[in-house]
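*Asks:* First the structure, which I've put down as structure tokens, then a few questions once you've had a look.
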Amino acid sequence: MKVLVTGGAGFIGTHLVRKLLERDIEVVCVDNFTLGKSANVEIFKANPKYKFYELNIEDTETFCQTLAAEKIDMVYHLAANSDIQKGGKNPSIDLNNTFMTTYSVLELMRRQDIKKLFFSSTSAIYGDRQELLTENLGGLKPISYYGSAKYASEGFISSYTHMNDLATVIFRFPNVIGPNLTHGVIYDFVNKLKENPRELTILGDGTQTKPYLYVLDLVDAILTFTLDRPMATGLEIYNVGVESATNVTTIANIICEELGLHDVKYNYTGGNIGWKGDVPRFQYDLSKIHQAGWTAAHTSDESVRETARNIKEQL
């Protein structure tokens, strides 16, 4: 079996590639190092079942022509702009890196008759909603460019799945954290405290509360629903995450504990969001994925603590 992993040099992609290679699956990895790291490619290059292409996936024709001879059986499409705050300053980032990469992947699949797809979507497609988020919730109004690009991607995936008889699984990710994290609140806090262990600036009022999922739990779920179980023709969508959640002040407290820091002064910028387009709190209904037999091994707080330890070890 040969699979394509887009964004395979990134945070989640690297963990997925490692697990796929451990299963003796041939992996073709594509990344342009916008967020991915070249070091994440080097660790796999000695494996004869691994091949890497440095490509801008949004360049549809070059992407399709370059991979035309690979005879791919399945695509794991992870490539996107996952730095929502950065994307909020320039809409073209998510147009190209989040939506157009999806279009290119779908065109590759259509032209090469590839029938299996996994897509990494997001809680951001729901917008700022107070109710429990279910997969069938309607009237979605994303409030970030990232969320809208993922929402548009889901629409294109739905139509390509129907028109080309694909077997497609979509996971709507929460905040995913863990080893080799490249950005986000935990990464930022650790680096800020490294520079100044006496004070920490916290965007918003610290009450922003979200579920944090450990990346190795996520990869376990991806492999469970794409390899360990047969994929049926059609589209299946799952919210994936944890029942618990963690607020930003608790994240700061956990990080200070792990770094051995005491009496750190927190300076809040105010307001209930960190930046425009940020969703201050959400909670998934996880009934569907739990009834399908999968539950995360780590709670949200445990995921935060493990990630803080991982980043500390890299300092």
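The values are calculated or read from the model by the stated rules, or taken from the named source; none is laboratory data. No experiment lies behind these values; they were computed from the predicted model shown. Neighbour counts are summed over all protein chains in view; Cβ atoms, including those assigned to glycine, are modelled from backbone coordinates with ideal geometry.
*Asks:* Does any residue of the range 81-98 turn out to be in contact with a Lys or Arg (Cβ under 8 Å, 6 or more places away or on another chain), over 19 Å from residue 164 (Cα atoms) and in a loop (DSSP other than H, G, I, E, B)?
*Replies:* The answer is yes, given that some residue of the range 81-98 is in contact with a Lys or Arg (Cβ under 8 Å, 6 or more places away or on another chain), over 19 Å from residue 164 (Cα atoms) and in a loop (DSSP other than H, G, I, E, B).
*Asks:* Looking only at residues in the range 229-245 that are under 21 Å from the mean Cα position of the chain (by Cα) and charged (D, E, K, R), which one is nearest to residue 268 (Cα to Cα)?
*Replies:* This residue is 243.
*Asks:* Of the residues that sit in the range 161-213 and are out of contact with any Pro (no Cβ under 9 Å at 6 or more places or on another chain) and hydroxyl-bearing (Ser, Thr, Tyr), which one is nearest to residue 223 (Cα to Cα)?
*Replies:* Result: 168.
*Asks:* Can you name the residue in the range 84-110 that is touching a strand residue (DSSP E or B) at 6+ places or on another chain (Cβ under 7 Å) and not polar (S, T, N, Q) and is also surrounded by the most Cβ atoms within 10 Å (Cβ to Cβ) among such residues?
*Replies:* Looking at residues that are touching a strand residue (DSSP E or B) at 6+ places or on another chain (Cβ under 7 Å) and not polar (S, T, N, Q), I get 105.
*Asks:* Of all residues in the range 167-191, count the ones that are over 13 Å from the mean Cα position of the chain (by Cα), of a type in the set (D, E, K, R) and within 29 Å of residue 231 (Cβ to Cβ).
*Replies:* Total satisfying the criteria: 0.
*Asks:* Pairs please, first residue from the range 38-67 and under 21 Å from residue 105 (Cβ atoms), second anywhere and basic (Lys, Arg) and at pLDDT 95 or above, Cβ atoms under 7 Å, 6+ apart in sequence or on different chains.
*Replies:* 64/111
*Asks:* Could I ask something else about it? Within the range 42-75, which residues are of a type in the set (S, T, N, Q) and either in contact with a Phe, Trp or Tyr (Cβ under 9 Å, 6 or more places away or on another chain) or not assigned by TED's automatic domain parsing to the domain that holds residue 108 (or both)?
*Replies:* Hits for the range 42-75 are 56, 60, 66.
*Asks:* One residue is enough: does the range 191-208 have a residue meeting the conditions part of a helix (DSSP H, G or I), of a type in the set (A, V, I, L, M, F, W, C) and within 29 Å of residue 136 (Cα to Cα)?
*Replies:* no
Yes/no per residue for (1) assigned to a helix (DSSP H, G or I); (2) of a type in the set (Ser, Thr, Tyr); (3) surrounded by fewer than 18 Cβ atoms within 10 Å (Cβ to Cβ):
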residue: 33; (1), (2), (3): no, no, yes
residue: 41; (1), (2), (3): yes, no, no
residue: 46; (1), (2), (3): no, no, yes
residue: 58; (1), (2), (3): no, no, no
residue: 63; (1), (2), (3): yes, no, no
residue: 68; (1), (2), (3): no, no, yes
residue: 71; (1), (2), (3): no, no, yes
residue: 76; (1), (2), (3): no, yes, no
residue: 79; (1), (2), (3): no, no, no
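*Asks:* For residue 14, indicate whether it is within 20 Å of the chain's Cα centre (by Cα) and either hydroxyl-bearing (Ser, Thr, Tyr) or outside the structural domain of residue 104 (by TED's automatic domain parsing) (or both).
*Replies:* For residue 14, the condition - within 20 Å of the chain's Cα centre (by Cα) and either hydroxyl-bearing (Ser, Thr, Tyr) or outside the structural domain of residue 104 (by TED's automatic domain parsing) (or both) - is met.
*Asks:* If I filter the range 125-153 down to residues being touching a residue at least 60 places away in the same chain (Cβ under 8 Å) and among the acidic types (Asp, Glu), which single residue comes out as nearest to residue 74 (Cα to Cα)?
*Replies:* Restricting to residues being touching a residue at least 60 places away in the same chain (Cβ under 8 Å) and among the acidic types (Asp, Glu), the top hit is 135.
*Asks:* Every residue in the range 128-162 that is in a helix (DSSP H, G or I) and farther than 15 Å from residue 102 by Cβ, please.
*Replies:* Selection gives 162 alone.
*Asks:* Please state which one of 245, 292 is more than 23 Å from residue 129 (Cα to Cα) and at pLDDT 95 or above.
*Replies:* When all the criteria are applied, what remains is 292.
*Asks:* Please count how many residues of the range 1-20 are buried (at least 17 other Cβ atoms within 10 Å of the Cβ) and in contact with a strand residue (DSSP E or B) (Cβ under 7 Å, 6 or more places away or on another chain).
*Replies:* 13
*Asks:* Determine if the range 183-190 includes at least one residue that is farther than 26 Å from residue 128 by Cβ, part of a helix (DSSP H, G or I) and assigned by TED's automatic domain parsing to the domain that holds residue 276.
*Replies:* Yes, the conditions are met somewhere in the range 183-190.
*Asks:* Would you point out which residue out of 248, 264 is among the hydrophobic types (A, V, I, L, M, F, W, C) and within 26 Å of the chain's Cα centre (by Cα)?
*Replies:* Of the residues listed, the single one that is among the hydrophobic types (A, V, I, L, M, F, W, C) and within 26 Å of the chain's Cα centre (by Cα) is 248.
*Asks:* Can you name the number of the only condition in (1) over 22 Å from the mean Cα position of the chain (by Cα); (2) of a type in the set (D, E, K, R); (3) over 22 Å from residue 300 (Cα atoms) that residue 257 fails?
*Replies:* Condition not satisfied by residue 257: (3).
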